[in-house]
Each structure stands twice: as structure tokens, then as C-alpha cells.
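Asks: Starting off with a structure, shown below.
The values are calculated or read from the model by the stated rules, or taken from the named source; none is laboratory data. Source: prediction; values computed, not measured. Cβ sites come from the backbone with ideal geometry, for glycine too, and all protein chains shown count toward neighbours. Surface accessibility is based on the protein's heavy atoms, side chains included, excluding ligands, DNA and RNA. Shrake-Rupley method; radii C 1.70, N 1.55, O 1.52, S 1.80 Å.
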Amino acid sequence: MLSAKVLATMHCKGWQQEGIYRLLENVLAPDVAENPYELIVYGRGKAVRDFDALAAIKQSLENLEDDETLLVQSGKPVGVFRTHQDAPRVVMSTAMLVPNWANWSHFRELEQKNLTLFGQSTASSWAYIGAQGILQATFETLWEIANTHFAGTLKGKLVLSSGLGGMGSAQPLAVEMNGGVAIIVEVDRDKVMKRLETNFIHFATDSAMDALRLANEAVAQGIARTIGLVGNAVEVYEFVLSQGIVPDVVTDQTAAHDLLNGYVPAGLEAGEIRAMRVEHPNEYIKSAKNSIVSHVGAMLLFRRAGSVVFEYGNHLRGQAEPELPEAMTIPSFVTLFARDRLTAGTESLRFIALSGNPEDIYAIDDWLLKAFPDDTRLVTWIRYAEHRVHFQGLPARSVWLTYDERQLFIDALVRVVEAGGLKGPVAITRDHFAGATMASPHRETEQMLDGSDAVADWPILNALLMASTGASLVSVQQGGGVGIGYSIHAGTTVILDGSPGNGNKVRRVLLNESQLGVLRYANAGYPKAKQTAATFHPGNKQANEQADRTADRQVDRKADRQDNEQADKQVDGQAAARTPRRAADE
Ligand code: NAD
């Protein structure tokens, strides 16, 4: 039974529309959005095109019937169509450009004419839940690093990284959760102070020497400690190298995917940055690119000295090309620490309590803790999150669940909501980070086993399947966290409202979504995915057999490659020519 308060604040004619309405308001709430006055949710990602579009979308949702669908084109409502009750209430396409024109310079022209918007991932699909989403993902990555390299903990280990922005600020918390010590370099003093005030870091300093002293002390004592250092990443990394200090882990989360608005070149004073960006954008971009070459150069030196070095999904390596061809030898966190779990069907899932009542999320936490007590990673995360994560906007929880856990959990949650066990409906959504939802050759789909990195059919298939299956909101998007021209992805949200038939629809949507993710990897020849996929719908048998043939061909191709390499070596001793990657527009 819904509380009177929840019902009294209904804006729309049904919960499917109302849930989406609340999610849109949520991503722009002052305690969620980085800059609600410019409609920026996080990074550079906007929720909608402009304030007129925002008002029009809300009005459309208020009037939308249970058998109608609203179409949103890059953050602007463009039409309402008669569909049917199980169809999505909202479908959207954001920042999609014809491939030959998918570059930043063309995109900016369109943006200036107000014809498109940059929506990052969860900003324009209205699924952002504040810092928690990235915190949970960063926790998972660091847990995996601790397991792979340091006997299961970061205790006594130093992590050096940079960027304390919307996503980057998760880094110190995630290091602390894994028991380690972090120095995070951030060029913007206000951001460092904000992170100190909100308990994201333990210490703030302007002095690299001070930061190193505080870090060494904590490493020696084996205590968790996090330090925000005001400075430029390039200058600090080079300084640390000059001191002969080798951190255990080195990475970066500056917004390097956007050279003009996201990255600050070394040597610029705070006051000069804004002026140069506006008055001399090309010069700024050139200078940022040069700085990134030095930045990545320093990371390569750390790797040579023994640090675990990886790129954290911000396109830093790509920006250092072609000047620094060695840049791409730094692996991405996906291939190092996430791919294996994704191929087995382990993925993120987020629950957002549309009632606004935190008790709904704590009830979900309790169920997960009781149901999966042996999943130490999950238990550690939930316990920590309950103590350390402040809900931003609507209460939410982000978790990574295995394929089996997911199905058990969804089934239980459907039954709880149907029985009126929560204070209101729940929106279930996810990060865009997964096999069939993302085509991103420098991140999620880098180095796929069969070489299908740039094949973008999968996110499109994902969106088509989700719309056919009846998700509440389905989106296709371009750009994400790596920038225009570098990724195509899909978003899905389903509202669990307990109405007749809704439970089955939610089960169907989330089952199909997990299965398509696994099938994407099975088709690429990953053994764990093939094993899991063998249990799916019999119609997938054909797909599995196809996957086997792909894997066989893969083995053949490997043999061919070895033969070719041998032949290449014989050509006048010249190094085999590498096809240069397309230099980023920025
Ligand atoms: P943001 O724009 O909010 O913050 C970036 C921060 O970096 C800013 O505070 C800026 O002042 C700082 N910065 C820029 N250049 C610097 C320099 N040279 N030295 C020190 N600090 C510098 O961006 P965000 O939301 O925090 O995201 C950061 C990056 O991470 C983006 O590229 C994003 O796409 C990427 N990202 C990756 C993943 C993933 O795959 N794990 C997830 C989310 C975000």
C-alpha cells in the first residue's frame, strides 16, 4: 500500500510515467547535479537540451497516457505516439551522428545551434544517482587490483591518481574502503576543499612534499589515509618520479576525454584557464594534448619502475597518440580487472526508491545481505555503503551481482513490491558499463577476443530488445565518457510498481538484458560466457554454435597472425607498420 504522502505528490497518470518524471527531477536536484543551473548532471553531461525542453518534457509526461510513448531527440521532446501498455513510456536518442561527422568539431557546431547535446551516459538517460554509482564501480576495480596484485587488500599500499571531479572523487573513498593510502592530485583548489568538507578525503594540502610525508606515514603504519593535493597531475607525477618514489598503483581520472573543457594543461594559472578556453580554444587544445603526452610519459616511467599502471576509462592514452605510440600499451581497467567478471554475467544494477524513503533501500540491503552472505565483496560494499554513502536525491543502491544472484534477487524484489512490502515503487536501472550495452573500443570493448571492438550493433540490439521487451525508458546514445566518435551505448530503466502484469514485465526485461550481455561475450568466444549462455532459451543454441565457430576461427587467425609476424620480421628488419589510430579531435 502506498503512503498518502507518496500518492499525494503524483504528477502523472500512472507509475511508469511518474517514475520517469521523478528520475528526471532527481538527476537535476541540487544535491545530485554538478551544475543544475546549466542542466549539467555530471562531467559535461546534460539531462535535457535547455529549460524550455525540460518544461515541455515534464508537461508531456504529466499528460502521457498508459498506452503512449514520448520520443526525446537529444534532450528535446519531439512527439507522442500511440503504442500500447507494455511499450516503453519514453524512448530517446542522444548525440547520435552519422559516423563520418562524428567528431568534436562538428558536434560543437551542432551544439552551438542547439541541435544536439552531450549526455555522457547516465546524465541524459536520467539514471544518475550521484557519486555512489561510480564509487561502487571504483570499489570493485580496486578490490580486483588488491586481489590480483596484493593478496586481497591495499593495506600498506600507495595509490597515486588525479581528478576529484564528479566521478574522480570516488577514488579516495574506494581506496579507503580497500584499506589503502591515496594521493589524488586536483588542479582546482575549490574541488579539493569541497571534498575535504564532505569527508571524501582525510587531508588537503598544496605541498607535494607534505602529501608524500602523510602518505609514507600511513603506508608504514598500515592505516587507510586519503590526501587531496592541489596541483597539476603532470607536474606532481614528474615530481614524485624525481624523488625516486614508486607508488604501488598509478592511474588518472581527469576528464581527459574532453581536451577543451575537461583537462588542464601544465603551467596554466587558475585565472588563465577560462580565458584561454574561450579566446584561444585551438591553442588550448594543443597545449592540453602536449601535457597529456608528458602525463602518460610519466605513467609509463612509473610502470617501468614497478607500479601497477592502468587507464581508468577517460581516454587519456588515446589523447597521447600519435605523438606517444607507446601510450596504448598501458592497459585499460576493463581488460585488466572487469572483463572476466562481465563475461560470466556479473553486472551492475541500481535500485532507486521512488517513494523517496531510505527505508526501502535499507530493506533491499537487508535482503541482499541475508540472501548472499558468502559474497564477501557484496557484503563489504553494502556494509560500507550504509555507513559512508550519503544518499543524494532519491535514495538508491548500486550493486554488482552475479548472473544467478541477479535472477534470484529480481524475483524476490518483485514479490516484495507486489505484496506492498516497500513504501513505493522502485526504478531499476544500471550503469552503461557492460557487454551488450556499450561499444567503446578504448574502454568497454577494448581488445575483444574476436576483434569486434568497434562493432556497434550490440548496443543497438540491446535498445531494440529492451524496447520490445517492455522496459519503461530506453535510450541510445553516443560519446559517453570517452567522447564523440568513440562510443555508442544504450540505457535501460524499468519501473517496478507492483501493478498487475508489471512483475512479469520487470522479470522479462532484466532477464533478457543479462542474457544479451552474456551472448555478446559468447559470440566473441569467451569460454565463461559460452558456458552460461548454454543454459538460455533453446533458440540461442544456434548463436552458441556460431560462437563456437567464431572461437575456432579466432584460434586459426592467431596462428595466421604468428605466421605473418614471422614474415614481417623478415622484411628488411623493419618494424611491422602499425596502422595509426585515428587521432582524437580532442
Ligand atoms: P569532471 O570534469 O567532473 O572532473 C575532472 C577533474 O579533473 C576536474 O576537477 C578538473 O579540475 C581535474 N583536472 C583536469 N585536468 C587536470 C590536471 N591536469 N591535473 C589535475 N587535475 C586536473 O570529470 P569526472 O566526472 O570526474 O570524470 C573524469 C573522467 O573519468 C572522465 O573522462 C570520465 O569520462 C571518466 N570516467 C570513467 C569511468 C570509468 O570508465 N570507470 C567512469 C566515469 C567517468
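Asks: Do we find a residue being in contact (Cβ under 8 Å) with a residue 40 or more places away in the chain, part of a strand (DSSP E or B) and more than 16 Å from the ligand (Cβ to nearest atom) anywhere in the range 448-456?
Replies: Checking the range 448-456: not a single residue is in contact (Cβ under 8 Å) with a residue 40 or more places away in the chain, part of a strand (DSSP E or B) and more than 16 Å from the ligand (Cβ to nearest atom).
Asks: Residue by residue through the range 57-85, note down the ones that are open to solvent by 10 Å² or more (accessible area, probe 1.4 Å), free of Cβ contacts under 8 Å to residues at least 40 places away in the same chain and in a helix (DSSP H, G or I).
Replies: If the condition is that a residue be open to solvent by 10 Å² or more (accessible area, probe 1.4 Å), free of Cβ contacts under 8 Å to residues at least 40 places away in the same chain and in a helix (DSSP H, G or I), then 59, 60 are the ones that fit.
Asks: Take the residues in the range 172-183 that are over 19 Å from residue 303 (Cβ atoms) and within 14 Å of the ligand (Cβ to nearest atom), then tell me which one is surrounded by the most Cβ atoms within 10 Å (Cβ to Cβ).
Replies: Filtering the range 172-183 for residues that are over 19 Å from residue 303 (Cβ atoms) and within 14 Å of the ligand (Cβ to nearest atom), the one surrounded by the most Cβ atoms within 10 Å (Cβ to Cβ) comes out as 172.
Asks: Look through the range 326-345, keep the residues that are open to solvent by less than 10 Å² (accessible area, probe 1.4 Å) and more than 16 Å from the ligand (Cβ to nearest atom), and return whichever of them is farthest from residue 250 (Cα to Cα).
Replies: Once the filter is applied, the top-ranked residue is 345.
Asks: Within the group 229, 241, which residue is within 16 Å of the ligand (Cβ to nearest atom) and open to solvent by 40 Å² or more (accessible area, probe 1.4 Å)? Walk me through how you get there before you give the answer.
Replies: Values: 229 fails: open to solvent by 40 Å² or more (accessible area, probe 1.4 Å).
Criteria check complete, one pass: 241.
Asks: Residue check: is residue 366 surrounded by fewer than 18 Cβ atoms within 10 Å (Cβ to Cβ), among the acidic types (Asp, Glu) and within 30 Å of residue 317 (Cα to Cα)?
Replies: It is false that residue 366 is surrounded by fewer than 18 Cβ atoms within 10 Å (Cβ to Cβ), among the acidic types (Asp, Glu) and within 30 Å of residue 317 (Cα to Cα).
Asks: Test of understanding: among 144, 197, 217, which residue is acidic (Asp, Glu) and open to solvent by less than 40 Å² (accessible area, probe 1.4 Å)?
Replies: Exactly one of 144, 197, 217 is acidic (Asp, Glu) and open to solvent by less than 40 Å² (accessible area, probe 1.4 Å), namely 144.
Asks: With the structure loaded, tell me whether residue 219 is of a type in the set (A, V, I, L, M, F, W, C) and in a helix (DSSP H, G or I) or whether it fails that test.
Replies: Criteria met by residue 219.
Asks: Then there's this: Being away from the ligand (no atom under 11 Å from the Cβ), under 26 Å from residue 215 (Cα atoms) and open to solvent by less than 70 Å² (accessible area, probe 1.4 Å), is that true of even one residue in the range 249-268?
Replies: Yes, some residue in the range 249-268 is away from the ligand (no atom under 11 Å from the Cβ), under 26 Å from residue 215 (Cα atoms) and open to solvent by less than 70 Å² (accessible area, probe 1.4 Å).
Asks: Out of the residues in the range 152-169 that are small (Gly, Ala, Ser) and over 21 Å from residue 216 (Cβ atoms), which is nearest to the ligand (Cβ to nearest atom)?
Replies: Among residues in the range 152-169 that are small (Gly, Ala, Ser) and over 21 Å from residue 216 (Cβ atoms), the one nearest to the ligand (Cβ to nearest atom) is 165.
Asks: Kindly indicate the residue of the range 184-194 that is open to solvent by 40 Å² or more (accessible area, probe 1.4 Å) and in contact with a strand residue (DSSP E or B) (Cβ under 7 Å, 6 or more places away or on another chain) and also nearest to residue 132 (Cα to Cα) among those meeting that condition.
Replies: Here is the first cut: in the range 184-194, the ones open to solvent by 40 Å² or more (accessible area, probe 1.4 Å) are 187-191, 193-194.
Those left that are additionally in contact with a strand residue (DSSP E or B) (Cβ under 7 Å, 6 or more places away or on another chain): 189, 193.
Numbers: 189: 23, 193: 20 Å.
The residue in question is 193.
Asks: Which one of 54, 97, 110, 23 is touching a residue at least 40 places away in the same chain (Cβ under 8 Å) and in a helix (DSSP H, G or I)?
Replies: Matching residue, one of 54, 97, 110, 23: 23.
Asks: Here are some conditions: (1) in a loop (DSSP other than H, G, I, E, B); (2) more than 14 Å from the ligand (Cβ to nearest atom); (3) open to solvent by less than 20 Å² (accessible area, probe 1.4 Å). Residue 322 meets all but one. Which one does it not meet?
Replies: (3)
Asks: Report, ordered by the first and then the second residue, all pairs with beta carbons closer than 6 Å, sequence separation of six or more or different chains, a first member in the range 184-201 that is closer than 24 Å to residue 265 by Cα and among the acidic types (Asp, Glu), and a second member that is within 12 Å of the ligand (Cβ to nearest atom) and open to solvent by 80 Å² or more (accessible area, probe 1.4 Å).
Replies: Here the result reads none, with nothing in the range 184-201 linked to a residue that is within 12 Å of the ligand (Cβ to nearest atom) and open to solvent by 80 Å² or more (accessible area, probe 1.4 Å).
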